[in-house]
Every structure is written in C-alpha cells, then in structure tokens.
1. Collect the residues in region 276-297 that are assigned to a helix (DSSP H, G or I) and open to solvent by less than 20 Å² (accessible area, probe 1.4 Å), keeping them in residue-number order.
2. So which residues in region 305-318 are open to solvent by 30 Å² or more (accessible area, probe 1.4 Å) and either in a loop (DSSP other than H, G, I, E, B) or in contact with a Leu (Cβ under 6 Å, 6 or more places away or on another chain) (or both)?
3. What's the number of the only condition in (1) surrounded by fewer than 24 Cβ atoms within 10 Å (Cβ to Cβ); (2) over 14 Å from Ala284 (Cβ atoms) that Gly156 fails to meet?
4. If you take the residues of region 94-122 that are in contact with a strand residue (DSSP E or B) (Cβ under 7 Å, 6 or more places away or on another chain) and open to solvent by 10 Å² or more (accessible area, probe 1.4 Å), which of them is nearest to Arg356 (Cα to Cα)?
5. Just to verify a result, which residue in region 194-214, among those that are of a type in the set (D, E, K, R) and part of a loop (DSSP other than H, G, I, E, B), is most open to solvent (accessible area, probe 1.4 Å)?
6. Being farther than 21 Å from Leu116 by Cβ and either among the charged types (D, E, K, R) or in contact with a Cys (Cβ under 7 Å, 6 or more places away or on another chain) (or both) is the filter here, so list the residues in region 126-178 that pass it.
7. Determine which single condition Arg321 fails, assuming it passes every other condition in (1) open to solvent by 50 Å² or more (accessible area, probe 1.4 Å); (2) part of a helix (DSSP H, G or I); (3) touching a strand residue (DSSP E or B) at 6+ places or on another chain (Cβ under 8 Å).
8. Is it the case that Ser132 is more than 12 Å from the chain's Cα centre (by Cα), of a type in the set (Ser, Thr, Tyr) and open to solvent by 10 Å² or more (accessible area, probe 1.4 Å)?
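The values are calculated or read from the model by the stated rules, or taken from the named source; none is laboratory data. In this text, all values refer to a predicted model and were calculated from it rather than measured experimentally. Using ideal geometry, Cβ is built from the backbone for each residue, glycine included, and neighbour counts are taken over all protein chains shown. The protein model used for the area step is the full one, side chains on, heavy atoms only, and it has no ligands, DNA or RNA in it. Shrake-Rupley method; radii C 1.70, N 1.55, O 1.52, S 1.80 Å.
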Amino acid sequence: MDDQELLHAALQASGIVKKGFTLKVAIVGGAAVFLVFILISSLMPGGAQAANCTDTGAGTDIAAPASSTGATGSLRRQQIENAKIIDQVAIRYGLPGQATLIALMAAMQESTLQNLDHGDLDSVGLFQQRPSADWGTRLQILNPAFAAESFFRGRGTNAGLIAVPNWETRPPGDVAADIEKPAEQYRGLYAGHEPEARALAKEAGIDLDRTGTTSTTKAATSGDANSQTTAGQCGVHPEGKSAGGGSFSDGNQTWNLNNPRSVTEAIAWARDHAGDNSTPDWYARCLAFTAIVYGWNYSGVSYAIDHYTIVPADMRHDGDRHPPPGALMYWDTGHRAGHIAVYLGDGKIASNDILRSGYIDIVDAGLIESRWGAKYVGWTPPRFPNGG
C-alpha cells in the first residue's frame, strides 16, 4: 500500500472520511494532522487497559483491551484477519458468499476494515455501530464477531442484512447502504468498494461464490426470536441426549423434570465442554448454553434474566446462595439481558465470557459479581418451560 493509500485509510479511520460528513480538509492539512497523530501516539503508552473498561456487563470482553487497532502487523493483515472473522460468522449462519461481500464493502467504507475504538459520535468497531442506537454495548460492538453477527442478523431495534428484501439479488452496495443508513448523498460510496473487497477476499481465501445452507438461512430469516444469539439463543447440539427427566429438590419441595438430559448428565456435559474443550462459539449466549447443557436445542426465551420470571414462582429461590448442583443461577448485570449459569456444586459454575470472550470456563460463582459488578438474583431448578 503506497503513501497515498495509507493517508486515505488514516483519514477514514480518524473520522474525516465518514458517512454524513464532507471532506473539508485539504490533503496537505490532513497529512499534517496525521503526522501529528503519529508523533503523539508514539509518546503515549500502549493500548487501553482492561482495568479502564467501565462497561463490564455479561457478554463483554473485559479480559482484553477494548480495541484491536494496536495489533502488530500491517493494515492489510488487520483487514484480512477481520475479513476472515466476518466470513466465519456468515458461514456459521449458512449465509452465502454474497453476504460476506456486502459486509466487507460496508466495513471498508465505515472503518477501512479496522476494529476502530472511535468514530462519529459514539460509533465504534468494524461497521461503526453505535451503543446509543441499540447495537449493543461498546465492548460488545468492539468484538468483531459480535459486530458481524449484528450486521447480518440485526440487533435490538436495528434490522440486519437478512431483513433487507431481495438482498441476494440486489446490487451489494445498495444493500450495504440500506443497513448502514448514511446520508443520501453518501449511499453510492459503498458500491465503490466492491473491487477492493473482492481482491481482499481472494487474498484471504474467502469464497464469495459459495451458496448458503438452505436450512440455516431459513432459520436465520424466520423472524423467530430464538434465531437471535443475543442473550440465550442457540444452535442445534443434539449429541449426547438421553431419556433425561428425573427429579430435583431444594430439600423442601421436589419437582419432576422433563429435560432431555438428567442433572448428572448435564453437569458432565458442561464440564466436558468447558476449559480446554470449549469452542469459541458462546459469546453473549449464556441462556443458550444452559439450555444446550440440558439437551434442548433452544431455550425459547430471548433474555437470560427473563427466564427467571417464566419459571413457576414456587421454583424461584430469591437471593438463596446455596443451590443444589445442576441448578440455574441468575444475575442482574445492569444490562437488559442479565446473566445465567449452571451450578456444578462446590461453589463452581460453568459460564461463558467470564474468563475468555466466547468460551466456557468453570469458575467460582462469586466471580460474576466481583468481576462484572453484577447483582445476584437467585436460582431455579433446571426448568425450561419454552425449551425445544
């Protein structure tokens, strides 16, 4: 990449070239600003420290710096890495290569495919999504996989790619603009990134001609709340189920369960899929994990904290810190979703995101409060009234 290209990328990343703004700074002036920025940056300490994070609710990556813009290597290497993450998310949801192309074009325009920790107003990340516009918390948006999922499937009140009518057959630049919603005079800018996006995809080994997975695409576009991964949605993990069922007792009452896995089997499954055996697929999916632990394909509830309220009242144990092994424990994190985890006994829970973003780890139950500043709500038996 020559000096002129680097300057253009820097101007885009700094917010001078952004949607809704005109380029009012001459190239000479922009170059001067860029050189001053480099000089100041060289005199300052490294990237943001985890201890400085203030938004530490469940599902945020508090164990890592808030931005990857300080990663070593060239801008091109960062672009390739982020492009691969975007494509992996598209593949996970069975979306065709055209979806990846549209996302790459959007990210090229919004951030030059860098995971920026700054932008216009409170915009951050690959797609310059705004926490104040219901795209997630700042730290969630700064997770490239989370941001890509939001772009494809929508988040909060924002529609994603799959909600755009005829997105697979329309010009990709128009679709990208429909999602990003720039000022009208800037809608055409996304189309100009198609050649660069295709070249980058080829360099990254991304197949933009692949077809989607019919069943997965149908599930993604069905409009069912359970197709959303935020706060407790899940994919299909049918392996290892048995007749399940059994009973559960708090010492005073006993309830019959109808879960596909028994409590013993569920605890064993959780342990077997935690730590070194965990996959990185559990980001912000605490309720999904608990449902899958007990053999369900989905929880049937959109938010973890809401699951506590749909369990029958006689099963809810407000504030009780002595649940039996296999119970579901709940926390109010100060965010809409809340948090839920499976109690394994001996003070331990299996929880996503607490040590590593997207992974399941076995930790002390108290860590949810001490690390995230959450408020403990209580526990219930492993009951999934809407599970399926």
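1. Within region 276-297, the subset assigned to a helix (DSSP H, G or I) is 276-277, 286-293.
Within region 276-297, Cys286, Leu287, Ala288, Phe289, Thr290, Ala291, Ile292, Val293 meet the criteria.
2. Selection gives Pro312, Arg316.
3. (2)
4. Taking region 94-122 and keeping what is in contact with a strand residue (DSSP E or B) (Cβ under 7 Å, 6 or more places away or on another chain), we get 116-118.
Within this subset, residues satisfying the condition of being open to solvent by 10 Å² or more (accessible area, probe 1.4 Å) are 117-118.
On the way: Asp117: 20, His118: 23 Å.
So the residue we want is Asp117.
5. Of the residues in region 194-214, the ones of a type in the set (D, E, K, R) are 194, 196, 198, 202-203, 207, 209-210.
Pick out the ones that are also part of a loop (DSSP other than H, G, I, E, B) and you get 207, 209-210.
Working: Asp207: 80, Asp209: 131, Arg210: 44 Å².
Selected residue: Asp209.
6. Arg153, Glu168, Arg170, Asp174, Asp178
7. (2)
8. Working: more than 12 Å from the chain's Cα centre (by Cα): yes; of a type in the set (Ser, Thr, Tyr): yes; open to solvent by 10 Å² or more (accessible area, probe 1.4 Å): yes.
Answer is yes for this residue.
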